[in-house]
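The values are calculated or read from the model by the stated rules, or taken from the named source; none is laboratory data. The shown structure was predicted, so the numbers you read here are calculated from the model rather than taken from an experiment. Cβ coordinates were reconstructed from backbone atoms using ideal geometry, including for glycine residues, and neighbour counts include every protein chain displayed. The protein model used for the area step is the full one, side chains on, heavy atoms only, and it has no ligands, DNA or RNA in it. Shrake-Rupley method; radii C 1.70, N 1.55, O 1.52, S 1.80 Å.
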Number of protein chains: 2
Amino acid sequence: MEFTDVIAGRHSIRRFRQEQVPTALLEQLIAAAVQAPTASNLQAWRFLVAVEPSLVHKLDLFSPGLSGNPPVIIAVCSDLEEVSRRGSKHSLEYGCMMDAAMAAENLMLKAVELGLGTCAIKSYHEQSVRRLLKLPDTLRLELLISVGWPEGEPRAPQRKPMEQVLFFNEWEETK
Amino acid sequence: MEFTDVIAGRHSIRRFRQEQVPTALLEQLIAAAVQAPTASNLQAWRFLVAVEPSLVHKLDLFSPGLSGNPPVIIAVCSDLEEVSRRGSKHSLEYGCMMDAAMAAENLMLKAVELGLGTCAIKSYHEQSVRRLLKLPDTLRLELLISVGWPEGEPRAPQRKPMEQVLFFNEWEETK
């Protein structure tokens with residue numbers, strides 16, 4: 001699929017068909033995710049892919065940010081043990097958080113190519129999600145991504161005009 | 001360009017040809033960036049594109065993380081005034097930081113399609129960069145991205161084997 005179509009076709013999906021996603025496709029999502037940049041080549045991201053229906057259902061219950069009963073929920077985590085052992089002073093505070101976000105974006109773009117829909121969220125009950133996924137203290141939960149076959153047409157909120165977000169050489173007040 | 005080739009073709013570029021990048025291409029990078037997800041539809045990112053050679057040179061001097069004398073440096077910022085006015089409780093702490101990282105990834109992928117190279121960095125002297133770009137206190141500097149025509153072949157560090165980063169349903173210790 002053309003890159004331009006992928007990037008324009010990504011929208012947050014909040015309604016899913018009740019149909020499983022083949023494991024091979026989920027593996028392709030993660031293979032795309034890990035091609036994102038990773039500061040100091042840390043590769044500290046860890047991807048927990050919840051597909052077992054009762055687990056997904058429980059995660060969903062504790063995640064008010066998720067909508068549409070997704071059949072798959074991916075938890076993007078950072079392995080803080082690896083970060084503190086090999087990272088720079090920036091890594092722990094935001095380096096691996098940014099790595100996680102960039103990997104998540106690759107994953108969500110790849111999903112478009114595969115016909116899948118996604119939505120990244122930060123609104124979940126942290127301790128419940130951690131317990132359900134059996135996350136050790138060394139894993140930081142960065143975000144959750146719902147994955148599934150989209151149902152219906154997504155909302156596509158308009159972007160701000162370029163002159164409100166793009167500036168050359170120095171900041172100018174636009175308001 | 002095929003999405004698969006774009007995503008596989010993105011590598012951090014640390015050597016650039018000494019040649020300007022047309023404004024129209026830089027605008028295409030930002031147009032791709034703003035298609036990334038943005039939590040609560042905040043769109044709080046602001047992109048400062050430094051192209052004026054003496055400014056780029058000064059930014060470069062204060063950014064040990066940058067290499068290869070890039071002709072363009074893009075500062076990805078978050079407008080904290082907008083975030084505090086319209087954002088959720090998560091937005092300030094990490095929502096808009098993740099938005100910035102996802103937008104940066106879109107930008108860097110678009111660059112591949114245009115034949116450009118990029119490198120995202122967090123290693124810079126914050127106060128000097130802020131002063132050079134005339135950033136007000138309300139703008140948080142999230143990261144810098146060098147942009148230019150790549151020279152030579154980039155390094156392409158190997159990714160970890162999938163079994164070290166991908167887990168189904170719950171965390172398993174692999175070490």
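Taken residue by residue and averaged, Cβ atoms of other chains lying within 10 Å of the Cβ of A:152-159 number 2. For A:CYS119, the residues whose amide H sits under 5 Å from its own are A:ILE13, A:SER146, ignoring neighbours fewer than 5 places away on the same chain, with H placed 1.01 Å from N.
Using a 1.4 angstrom probe on heavy atoms only, work out the carbon and sulfur share of the accessible area of the stretch B:27-175 in %. Present the calculation step by step, with values, prior to reporting the outcome.
Values: 3080 of 5920 Å².
Carbon plus sulfur share of accessible area: 52 percent.
Provide the net charge surrounding B:TRP149, with neighbours chosen by a C-beta distance below 11 Å and charges set as Lys +1, Arg +1, Asp -1, Glu -1. Intermediate results must be reported in sequence, preceding the final value.
On the way: positive: B:ARG15, B:ARG17; negative: B:GLU19, B:GLU151.
Cβ neighbours under 11 Å give a net charge of 0.
For a test of the definition: using alpha carbon positions, the gyration tensor, and the 1.5 limit on a/c, classify the stretch B:114-175 as rounded, prolate or oblate. Numbers along the way, then the final one.
Details: a/c = 3.46, a/b = 1.59, b/c = 2.17.
Here the stretch B:114-175 falls in the oblate category.
Determine the shape class of chain A: with a ≥ b ≥ c the square roots of the Cα gyration tensor eigenvalues, call it rounded for a/c under 1.5, and otherwise prolate if a/b is greater than b/c, oblate otherwise.
Taking the square roots of the gyration eigenvalues as a ≥ b ≥ c, chain A is oblate.
Both chains summed, the buried accessible area for A and B stands near 6200 Å², from protein heavy atoms and a 1.4 Å probe. Shielding of peptide B:45-53 by partners, expressed as the average count of other chain Cβ atoms within 10 Å per residue Cβ, is 4. P(r) for the protein assembly as shown, from all Cα pairs and a bin width of 20 Å, is 32, 59, 8 %, short bins first. Karplus-based coupling profile of the stretch A:151-158, in residue order and whole Hz: 10, x, 9, x, 6, 10, x, 5, with θ = phi - 60° in 6.51 cos²θ - 1.76 cosθ + 1.60 and x standing for Gly or Pro. In this structure the amide hydrogen of A:GLU142, modeled in the peptide plane, comes within under 5 Å of the amide hydrogens of A:VAL76, A:CYS77, A:SER78, none closer than 5 places in sequence on its chain. When A:GLY65 is represented by a point 7 angstrom out along its Cα-to-C-beta vector, the spacings to that point in the other copies are 2.2 nm, nearest first. Relative contact order of chain A, taken over Cα pairs closer than 8 Å and 6 or more residues apart, is 34 percent. Taken per residue, the accessible surface of the stretch A:58-175 reaches 43 Å², heavy atoms only and a 1.4 Å probe. For the residues of A:128-135, the average number of beta carbons from a partner chain within 10 Å of their own beta carbon is 2.
What pairs in A:LYS110/B:LYS89; A:LYS122/B:LYS160; B:LYS58/B:LYS122; A:LYS58/A:LYS134 have C-alpha atoms more than 23 Å from each other? Listed pairs above 23 Å: A:LYS110/B:LYS89; A:LYS122/B:LYS160.
Could you work out [θ]222 nm for chain B from helices alone, using -39500 (n - 2.57) per DSSP H run of at least four and dividing by all its residues? Round to the nearest 500 deg cm²/dmol. Kindly include the intermediate steps, with their values, before the conclusion.
Working: 6 runs with 60 residues, N = 175.
My calculation for chain B gives -10000 deg cm²/dmol from helical runs alone.
Along the axis of the charge dipole computed for the stretch B:1-88 (Cβ charges of +1 for Lys and Arg, -1 for Asp and Glu, origin at the Cα centre), the listed residues B:PHE16, B:GLY87, B:PHE47 are led at the positive end by B:PHE16. Using only protein heavy atoms and a 1.4 Å probe, report how much of B:PHE167 is accessible, in Å² to the nearest 10. Answer for B:PHE167: close to 10 Å² accessible.
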